[in-house]
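Asker: Below is the structure I would like to discuss, written out as structure tokens.
The values are calculated or read from the model by the stated rules, or taken from the named source; none is laboratory data. Keep in mind the model is a prediction, meaning the values are calculated, not measured. A quick note on method: Cβ atoms are made from the backbone with ideal geometry, for glycine too, and the neighbour counts reach across all protein chains shown. Note: areas computed on protein heavy atoms with side chains; ligands, DNA, RNA excluded. Shrake-Rupley method; radii C 1.70, N 1.55, O 1.52, S 1.80 Å.
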Amino acid sequence: MGAICEICGKHKASGGHITRRGLAKKKGGIGMHVVKNTKREFKPNLKSVRAVVNGGVKRLTVCTACLRSGKVVKA
């Protein structure tokens, strides 16, 4: 199973990491220039938890935001 929360459906998101070089204009330089632009992934903070589901105990993959907010009852 992929990196996805079984409660809220939070999953991997794609984005980019921009590498800049140079001295900023407000520090007396000619400005920051983009040197490299790389793709990267933002992954959710997932934990494997034993939780109570429909009266029984089941192992779920849940993000920490759902754990903190009380959406999951731990067994």
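Asker: Of the candidates Gly15, Gly28, Gly55, which one comes out as most mobile in a Gaussian network treatment of the chain with C-alpha springs shorter than 10 Å?
Answerer: With Cα springs under 10 Å in the chain, the top fluctuation among Gly15, Gly28, Gly55 is at Gly28.
Asker: Cut-off 10 angstrom, C-alpha nodes, Gaussian network model of the chain. Which of Ala51, Ala65, Ala24 fluctuates the most?
Answerer: Residue with maximal mean-square fluctuation among Ala51, Ala65, Ala24: Ala24.
Asker: Rounded to the nearest 500, what is the chain's calculated 222 nm mean residue ellipticity when only DSSP H runs of at least 4 contribute -39500 (n - 2.57) each, over all residues?
Answerer: Values: 1 runs with 6 residues, N = 75.
Result for the chain: -2000 deg cm²/dmol, rounded to the nearest 500.
Asker: Still on this model: How many percent of the accessible area of the chain is carbon or sulfur, using a 1.4 Å probe?
Answerer: 51
Asker: Sticking with this one: Given a 10 angstrom Cα cut-off, can you work out which residue in Arg59, Arg21, Arg40 is the most mobile in a GNM of the chain?
Answerer: Judging by the Gaussian network model, the answer is Arg21.
Asker: In sequence order, what are the phi-derived ³J(HN,Hα) couplings for the stretch 58-75 according to the Karplus relation 6.51 cos²θ - 1.76 cosθ + 1.60 with θ = phi - 60°, rounded to whole Hz, with x for glycine and proline?
Answerer: 9, 8, 10, 9, 10, 7, 5, 5, 5, 5, 5, 7, x, 6, 10, 9, 6, 8
Asker: Tell me the per residue accessible area of the chain using a 1.4 Å probe; a whole number in Å² is fine. Before the final figure, lay out each step's value.
Answerer: Working: 5930 Å² over 75 residues.
Ligands and nucleic acids excluded, the figure is 79 Å² per residue.
Asker: A further question on this structure: What Cys residues in the chain have no fellow cysteine's beta-carbon under 4.7 angstrom?
Answerer: Cys8, Cys66, each lacking another Cys Cβ under 4.7 Å.
Asker: Grab the stretch 35-75 and count how many Lys pairs have their alpha-carbon atoms under 28 Å apart, sequence gap of 8 or more, or different chains.
Answerer: 9
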